[in-house]
Amino acid sequence: MKQKADWEPKLAGFLCKWCSYAGADLAGTSRKKYPANIRIIKVPCSGRVDPLFILKALRLGFDGVLVSGCHPGDCHYQTGNYRARRRVAITKRFLEYLGVKPQRIQASWVSASEAGKFADVVTEVTRGVKEVGPNQLFAERQGDGAKTEKRG
Amino acid sequence: MTTTNIRPSKFLARDNVYLPHIAVIENIIEETPGIRTFHFNFKDRKLQKEFSFESGQFGEYSIFGIGEAPFCISSSPTRRHHLEFTAQRVGRVTNALHRLGVGAEIGFRGPYGNSFPLDFLKGKNLVFVGGGIGLAPLRSLIWNVIDNRDKYKNIALVYGARTPNDLCFKYDLDAWGKDKTIKSVTTVDKGDKSWTGRVGVVPKILEEVAPSPKNAVAIVCGPPIMIRFTFPVLEKLGFTPEQMLTTLEKRMKCGIGKCGRCNIGNIYVCRDGPVFSYQQIKSFVSSEY
Amino acid sequence: MANKKISKKDIGKLLNQWGQQFAVFTPSREDGVAKMARWEGKDTGFLGWYWNTVVPPKANFLPPMEEMFRFQKDKEGYRIELPPDGGRQLIFGIRPCDARAMKIIDANFKELYQDPYYLNKRKSALLVGLGCTNPGESCFCTSMGVSPAESSDVDLMLTDIGDELLIEPVSAAGKELITKSRGLKAANKTDEAKAKEVKKASYNKVSRKLNTEGIADRLLASFDDQDFWEKVAAKCISCGICTLLCPTCYCFDINDELTRQQGTRFRSWDSCGFPVYTKMPMENPRAEKWKRVRQKVCHKYEFYPMSLDVIACTGCGRCIRLCPVNWDITQVLNSVPAKTKVGK
Amino acid sequence: MEQRLRSEARALLEQGKVDWIIGFEPGSLKFTTTPLITKDKNDAERLVINPFIVNNLANFLIGIKGRVGIVVKGCDSRSVVSLIQDNKVARENLVILGIPCTGVIDLSKVEKLAGKDRGELDDITREGERVTIKTDGKKKEFPITQVLFDHCLACEFPTPKEYDILLGEPSPPLANPVAQERIEKLRQLAPEQRWGFWEKELSRCIRCYACRNVCPACFCQRCFVEETEPQWVFPAPRWQDNLIFQITRNIHVAGRCTDCGECERACPVNIPLRSLTREMYDIVGELFQFKAGMDKDATPLLTHYEEKEAEEFFR
């Protein structure tokens, strides 16, 4: 499958409503520039992000996934982000082993006041996903199975 | 098990028994917060005209992209302006169904299964016992009987739900309450401030109402727990197992006795039922009904 | 019609010939898993290793997942589109047990309503049987009225007589096929005698036995014997191996899928061993494992014969061989007590 | 060892110390054993210990009522410990009969060596580090490492971690690097090739769920694949959904999986599932120094955290 020149990646961003979501909001109101590639899904805590969310996003064709929560120690529910960290870590490592490119699964700590960091993160993640190209992971096989060059 | 009452549906789409006909929802009635009745007509006018069914039969309804689920046709074959079915919001398909509005298209296959044995009921006193949404199949038969009133003797109805808010078909209950030829009793498990009717579970109220078994047939439909407690009450009142009819609910997918899941012993509820006499149920190999 | 024969080294040529008219399937072993796969014109090695396929040939007629139709919505409303008809299949090397199994499930798909997906494939297909000369340890076909190297349920029956295969036409379609096939030699008396020997020897090799005498009655009598069924079910893990891979199990599920472009309705294999199989929103008549195990056993050996006059088992032995906990149907059925009905 | 097991099991039942014994008895096919779950003290005589005791019997602890005497190998004992960690069974309701394990024989490896189906073999005998395969009256000898399951070759803790009665002398770990070769090989591939590999393997899956049902770590009453609202995975065998099922299953059993290899053995279509489970086992070991089922008082992996860990995953 040939990549179109004007292709823009689509990212799913699971943002904690207590921090990163507010950070994104602030980035918007303070006119910080960041790529419009991210579709934001508000979650009550990064600990709410089930690895299935990440998989479902990839299955639906999102080119990358960002999970963003409060800095360690700042969780509104005390420990949600610590738990998220373990889950994200094993999910990311495991998917990389299966052949998902590391750029596709990203995580960050962004507080409500870090509008600049949010914009930087989205810019970085978008750039990374652009490098690895469109998500063809779950696309139907074209012809014989040997032609897998655009996957991963 | 008798299979005399079974005949295949005549209304196949393109000779493929699994293809649904397209139907349009024309009206939606909110029976209770979780139960709605849908009025529909086939998109194909010719089919709409020719379609026929009998009380007790069911259809497989498609919400395209979500799936199929079986519901009985809750309107009467004697009132053919449109067809009706009633569904409680309990799962994937019914959740999607409850999101649909008037004008939405659904799929319909059927009618499937056997039906209430009208010939057997003719000239008899009929005792309807219903609980919750279980009134839906009974309702088809009740209107059928009312529209052929002279062929049947006395009609009694004991209907109940958990609370006054859970009563379905209140408009029908009102109409039947006004009909002098019907003895209609409505009850709730738990009343509220405005409830002035009876309070108590259906089997208990049925025992109090104590319909006579003489030349009578009881037709029971409701949640399994109600059915299980109602049969013994009827037996106590003197009804024989042949005088008790019910319609069973099972998980069905194909609706035509192929996919296997509604199998009990050598019958498939979708194909050989859903209407059974208690006599038949007692002869089932399994008590898994 | 007289019998024919063909040299084993010419089988490839024969399959290529048939391949012009049919989609030919032969046993194939991919990563150690034998199944019927599309003949690709080369490998006839299966004649050497083939015991039986892990995935039964029912998969050619009732695929593990199959499109029923697709639908699209436009301003006129929903439009339903049927998938294109597949070509005619020729299944080469089907074992007599599996051929019988096809006949058994035909009954289900024909009864009352015709199942178009299954029957269209089935009616247009030819089955070329290959006698089993080396029945496995888990096979008990002879107890189920199947002979490992003889079959009346195929179109052609092949028997290994050394360097050659004897070809016996069984059905009219089979006769027609060999009339039209090139490169077949006429079989002589010696070949036929040899084949007879092979068939007899194969029959006698099947050592596992299942006592089917009065089996339906015994099951009926023990139906409510919960202790017995709980004991039988104790080690079952409720997986779907013995049902999904059973050549006579036909249960299926129906599900819709929606993508942005269109929707599709699929049907796929399902198993009465799964708790969700019968689960309704409010209750589940077979939530307990022993009830599901009982259903599986009784459906095959009691209910199916009650309605369709045939036991839904051909003794292929897959369920025994593949079971992760060695749950053995022959042991279970041989232990069903013959006592009077309890309770009810 | 077998005799001792029988007498211990009989005594436990006779003295009323347990209601159930879960062990192995001879199977109905050659070179097989089958789980024996019994209340009858006379059944104790049927118990066996041999190189074919494949099942992880911890799987049968879920849902059983009463006190249980359970026969475990090293890996199984860790599954039991893991179930205790998850409050699925109570330690005081168990009498653990530990087998110091020396590895279990993989019949598919034997078949490959012998060039014959298991049913056609006359005998398979193990003596120490050698195995003898007898067929057609001839004997062939091989080093035991050629016929043991991969997960046995990789085993670090063949002696049960937790037991009440140990039925022999502790056995040394095999930890044979051969067992990791296939995972190493996969790691060497480019991401696209790895994904292609799993696409191909999972295309065979028929969704029998034997991998899940045979797994003691998969104890959910209702599995996510059966959820319909929302429907996470399409309930039919298609490689995309099969793969999501396997990925999620592995995430769910992370920190519970003891590399017992039962999923791979149970798979009727030979999907190399252990190449998934073992990788996850190694990931949690590397990232969180966590090994499943080592200590019954430990907190389960995903309900625990350290303040400083895995920081490299977050920007």
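The values are calculated or read from the model by the stated rules, or taken from the named source; none is laboratory data. Just so you know, these numbers come straight off a predicted model, no measurement behind them. A quick note on method: Cβ atoms are made from the backbone with ideal geometry, for glycine too, and the neighbour counts reach across all protein chains shown.
Below is a table of values for the structure above.
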read-out	value
Qualifying residues in segment D:170-203 (those that are among the basic types (Lys, Arg) and within 12 Å of chain A (Cβ to nearest Cβ)) - the one farthest from A:Gly99 (Cα to Cα)	D:Lys200
In segment B:35-90, the residues that are of a type in the set (Phe, Trp, Tyr), more than 11 Å from the chain's Cα centre (by Cα) and more than 19 Å from B:Val102 (Cα to Cα)	B:Phe51, B:Phe53
Spans of helices (runs of 4 or more DSSP H) in segment C:243-339 with at least 3 residues crowded, with 23+ Cβ neighbours inside 10 Å	C:289-298, C:318-322
Residue within segment D:213-229 that is buried (at least 22 other Cβ atoms within 10 Å of the Cβ), within 9 Å of another protein chain (Cβ to nearest Cβ), modelled with pLDDT of 95 or more and touching a Leu at 6+ places or on another chain (Cβ under 7 Å) present	no
Segment B:269-285, residues that are more than 9 Å from every other protein chain (Cβ to nearest Cβ) and either hydroxyl-bearing (Ser, Thr, Tyr) or more than 14 Å from B:Tyr112 (Cβ to Cβ) (or both)	B:Phe276, B:Ser277, B:Tyr278, B:Gln279, B:Gln280, B:Ile281, B:Ser283, B:Phe284
Residue in segment C:292-305 that is more than 14 Å from chain B (Cβ to nearest Cβ), within 17 Å of the chain's Cα centre (by Cα) and charged (D, E, K, R) present	no
Test set (1) more than 12 Å from chain B (Cβ to nearest Cβ); (2) closer than 24 Å to B:Gly257 by Cα; (3) within 21 Å of the chain's Cα centre (by Cα) - C:Lys289 fails condition number	(3)
Among the candidates B:Gly65, B:Gly59, B:Gly123, B:Gly101, residue that is touching a Lys or Arg at 6+ places or on another chain (Cβ under 7 Å) and either assigned by TED's automatic domain parsing to the domain that holds B:Ala218 or assigned to a loop (DSSP other than H, G, I, E, B) (or both)	B:Gly123
Number of the exception - C:Cys242 against (1) within 14 Å of chain B (Cβ to nearest Cβ); (2) at pLDDT 95 or above	(1)
Strands (runs of 3 or more DSSP E) contained entirely in segment B:130-239, each with at least 1 residues that are closer than 21 Å to B:Thr32 by Cα and out of contact with any Phe, Trp or Tyr (no Cβ under 9 Å at 6 or more places or on another chain)	B:155-161
Tally of residues being within 28 Å of C:Thr159 (Cβ to Cβ) and out of contact with any Gly (no Cβ under 7 Å at 6 or more places or on another chain) across segment C:96-125	13
Single condition B:Val24 does not satisfy, out of (1) within 13 Å of another protein chain (Cβ to nearest Cβ); (2) more than 24 Å from B:Pro274 (Cα to Cα); (3) modelled with pLDDT under 95	(3)
Residue check for B:Met226: within 11 Å of chain C (Cβ to nearest Cβ) and either surrounded by fewer than 24 Cβ atoms within 10 Å (Cβ to Cβ) or in contact (Cβ under 8 Å) with a residue 60 or more places away in the chain (or both)	no
Residue within segment C:35-52 that is surrounded by fewer than 20 Cβ atoms within 10 Å (Cβ to Cβ), closer than 23 Å to C:Cys319 by Cα, of a type outside the set (Phe, Trp, Tyr) and not assigned by TED's automatic domain parsing to the domain that holds C:Gln262 present	yes
Criterion violated by D:Lys296 - all others in (1) crowded, with 16+ Cβ neighbours inside 10 Å; (2) touching a residue at least 12 places away in the same chain (Cβ under 8 Å); (3) in a loop (DSSP other than H, G, I, E, B) satisfied	(1)
Single match in D:Ile271, D:Ile251, D:Ile247 (criterion: of a type in the set (Val, Ile, Thr), touching a Lys or Arg at 6+ places or on another chain (Cβ under 9 Å) and in a helix (DSSP H, G or I))	D:Ile251
Residue in segment B:44-53 that is surrounded by 19 or more Cβ atoms within 10 Å (Cβ to Cβ), of a type outside the set (Lys, Arg), part of a strand (DSSP E or B) and more than 8 Å from chain C (Cβ to nearest Cβ) present	no
Residue match in segment C:83-98 (condition: among the basic types (Lys, Arg), touching a strand residue (DSSP E or B) at 6+ places or on another chain (Cβ under 9 Å) and assigned to a loop (DSSP other than H, G, I, E, B))	yes
Looking only at segment B:107-120, and only at residues there that are surrounded by 22 or more Cβ atoms within 10 Å (Cβ to Cβ) and among the hydrophobic types (A, V, I, L, M, F, W, C), the one that is farthest from the chain's Cα centre (by Cα)	B:Phe108
Matching entry among D:Tyr163, D:Tyr209 (being closer than 25 Å to C:Asp31 by Cβ and either at pLDDT 95 or above or aliphatic (A, V, I, L, M) (or both))	D:Tyr209
Any hit, segment D:277-287, residues being farther than 25 Å from C:Phe274 by Cα and among the β-branched types (Val, Ile, Thr)	yes
Segment D:32-47 - residue that is of a type outside the set (S, T, N, Q) and surrounded by fewer than 18 Cβ atoms within 10 Å (Cβ to Cβ) and, of those, farthest from the other protein chains (Cβ to nearest Cβ)	D:Glu45
Contacts under 9 angstrom Cβ, first residue in segment B:274-289 being among the aromatic types (Phe, Trp, Tyr), partner at pLDDT below 80, 6 or more apart	B:Phe276/B:Met1; B:Phe276/B:Tyr289; B:Phe284/B:Met1
Hits in segment B:251-268 - residues which are within 8 Å of chain C (Cβ to nearest Cβ), in contact (Cβ under 8 Å) with a residue 24 or more places away in the chain and under 14 Å from B:Phe58 (Cα atoms)	B:Lys253, B:Cys254, B:Ile256
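Each row is one residue, and each column tells you yes or no for (1) within 11 Å of chain D (Cβ to nearest Cβ); (2) among the aromatic types (Phe, Trp, Tyr); (3) buried (at least 23 other Cβ atoms within 10 Å of the Cβ); (4) over 27 Å from D:Glu199 (Cα atoms).
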{"site": "A:Val88", "(1), (2), (3), (4)": "yes, no, yes, no"}
{"site": "A:Leu95", "(1), (2), (3), (4)": "yes, no, yes, no"}
{"site": "A:Gly99", "(1), (2), (3), (4)": "yes, no, no, no"}
{"site": "A:Ser113", "(1), (2), (3), (4)": "no, no, no, yes"}
{"site": "A:Asp120", "(1), (2), (3), (4)": "yes, no, no, yes"}
{"site": "A:Val132", "(1), (2), (3), (4)": "yes, no, no, no"}
{"site": "A:Gln136", "(1), (2), (3), (4)": "yes, no, no, no"}
{"site": "A:Ala139", "(1), (2), (3), (4)": "yes, no, no, no"}
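Yes/no matrix, rows are residues, columns are (1) under 29 Å from C:Leu333 (Cβ atoms); (2) without any contact (Cβ under 8 Å) to a residue 60 or more places away in the chain; (3) surrounded by 19 or more Cβ atoms within 10 Å (Cβ to Cβ):
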position: C:Val54; (1), (2), (3): yes, no, yes
position: C:Lys58; (1), (2), (3): yes, no, yes
position: C:Phe92; (1), (2), (3): no, no, yes
position: C:Ala101; (1), (2), (3): yes, no, yes
position: C:Glu111; (1), (2), (3): yes, no, no
position: C:Asn120; (1), (2), (3): no, yes, no
position: C:Val128; (1), (2), (3): no, yes, yes
position: C:Pro135; (1), (2), (3): yes, no, yes
position: C:Thr142; (1), (2), (3): yes, no, yes
